[in-house]
Amino acid sequence: MNALPKSLHRPADTELHQPRILEPELYRYEDIRLGHLRIKPYSPIVGGVVEGFRFDRDARTSPDVQAFLYRSLLEYGFLSFVPGSVAAEDFERFASLFGAPRFAGNPQAPRVGGQANSIDSARKKTRTNYIWHIDQAYRERPQKFTALYAVKAPERGGGTLFSNATAAYRLLDPAFAAYLDTLTILHNADQMGLISMSYPDPERLGQARHDTPPLEVPLVRVHPETGAKQLFACELYTQRVLGLPRQVSDHLLGIVFEFIKSPEVCTEYRWETGAALIWDNRIVQHRGIFNYAGQDRLLHRAVLD
Ligand SMILES: O=C(O)CCC(=O)C(=O)O
Ligand SMILES: [Fe+2]
């Protein structure tokens with residue numbers, strides 16, 4: 001009988017082919033508390049739910065509470081506040097606990113008082129919010145945080161997906177991650193038509209295009225407050241990797257996007273009317289889920305620096 005070929009004796013490179021696992025310290029299983037305040041993990045890898053908090057416009061939120069919420073936001077990536085925590089008319093004031101509001105609407109997502117704008121399924125025709133992105137990743141100084149308030153949540157569907165894009169970076173093979181650290185990408189606000197579809201008036205369209213020229217940014221961004229690295233390339237705005245042939249750039253970005261979408265680092269936030277939500281754009285990527293046709297979905301939105 002012939003001897004078996006040598007290759008059958010060689011152990012398969014099994015470990016290399018397994019999905020990488022994250023350090024256990026990155027997962028959150030326990031609630032944390034400060035007095036009556038409690039934060040439960042929304043999922044083990046991204047998000048927290050705040051209970052026992054009630055925003056009172058006539059009383060100053062204590063610095064302890066404010067610092068606890070801020071710290072937790074940087075740790076969990078997003079915080080949701082259960083219905084009853086914030087009154088609709090106090091939403092912008094509440095959001096100001098985390099930063100200074102600035103207007104970031106457009107004719108499709110108009111102002112609703114103060115600096116806040118709406119995302120209203122009955123009026124908004126652009127659907128770029130259903131493509132994975134980081135808010136304003138095409139700007140020199142993108143907003144830090146985005147806050148939403150559900151004036152009307154659909155009965156079913158219409159959730160918002162979050163990816164922990166710092167955890168996604170840590171899922172990568174270290175040598176590949178180190179290569180990504182060296183790359184620069186081109187972001188274009190209008191790549192998927194956000195600008196063109198938001199400004200039907202040619203005059204205003206010209207101005208908006210002028211105000212948002214393509215921008216060179218690092219593929220991997222470092223969080224200025226925590227030092228964590230985030231995959232900054234996103235499907236909505238990233239056009240290509242500079243210095244690479246188009247085909248290589250497309251494939252490389254495809255790999256990056258696949259990691260961002262790994263279920264291991266993602267969760268779906270499900271809306272309830274009266275819930276408030278805030279996320280750190282320097283940690284997460286996000287997108288809405290368009291699976292609620294025929295139902296109304298009305299969110300108010302504040303953008304914070
Ligand atoms: O519609 C959604 O759930 C996402 C909205 C969004 O992308 C945003 O408010 O920045
Ligand atoms: Fe967004």
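The values are calculated or read from the model by the stated rules, or taken from the named source; none is laboratory data. Small disclaimer: the values here were computed from a predicted structure and weren't measured. Glycine gets a Cβ as well: all are built from the backbone with ideal geometry, and neighbour counts include every protein chain shown.
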Name every residue in region 95-147 that is within 15 Å of ligand 2 (Cβ to nearest atom), in a strand (DSSP E or B), closer than 22 Å to His223 by Cα and not hydroxyl-bearing (Ser, Thr, Tyr), in order of residue number. Arg102, His133, Phe145, Ala147
Quick one: which residue in Arg287, Arg301 is within 12 Å of ligand 2 (Cβ to nearest atom) and either among the aromatic types (Phe, Trp, Tyr) or under 21 Å from Ala87 (Cβ atoms) (or both)? Arg301
Taking Thr273 as meeting all but one of (1) buried (at least 21 other Cβ atoms within 10 Å of the Cβ); (2) under 27 Å from Phe103 (Cα atoms); (3) away from ligand 2 (no atom under 16 Å from the Cβ), write down the number of the exception. (1)
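Restricting attention to region 276-302, which residues are of a type in the set (Phe, Trp, Tyr) and surrounded by 20 or more Cβ atoms within 10 Å (Cβ to Cβ)?
Trp279
Filter region 51-79 down to the residues that are part of a strand (DSSP E or B) and in contact with a Gly (Cβ under 7 Å, 6 or more places away or on another chain), then identify the one that is nearest to Ala167 (Cα to Cα).
It comes out as Phe78.
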Pick from Arg123, Arg139, Arg111, Arg102: which is farther than 30 Å from Lys261 by Cβ, of a type in the set (Lys, Arg) and away from ligand 1 (no atom under 11 Å from the Cβ)? Arg111
Is one or more of the residues making up region 173-189 at pLDDT 95 or above, within 16 Å of ligand 1 (Cβ to nearest atom) and not hydroxyl-bearing (Ser, Thr, Tyr)? yes
Could you figure out which of (1) in contact with a Phe, Trp or Tyr (Cβ under 8 Å, 6 or more places away or on another chain); (2) away from ligand 1 (no atom under 14 Å from the Cβ); (3) in a strand (DSSP E or B) isn't true of Phe257? (3)
Does Tyr179 satisfy the criteria of being buried (at least 21 other Cβ atoms within 10 Å of the Cβ) and either in a helix (DSSP H, G or I) or not polar (S, T, N, Q) (or both)? no
Could you pull out the residue among Phe91, Phe81, Phe103 that is over 16 Å from Glu51 (Cα atoms) and buried (at least 20 other Cβ atoms within 10 Å of the Cβ)? Phe91
Restricting the search to region 148-160, which residues are out of contact with any Gly (no Cβ under 6 Å at 6 or more places or on another chain) and within 11 Å of ligand 2 (Cβ to nearest atom)? Leu148
Of the conditions (1) assigned to a loop (DSSP other than H, G, I, E, B); (2) more than 15 Å from ligand 2 (Cβ to nearest atom), Glu216 satisfies every one except a single condition; which number is it? (1)
Can you go through Leu161, Leu194, Leu186 and tell me which one is closer than 26 Å to Ala109 by Cβ, surrounded by 21 or more Cβ atoms within 10 Å (Cβ to Cβ) and within 20 Å of the chain's Cα centre (by Cα)? Leu194
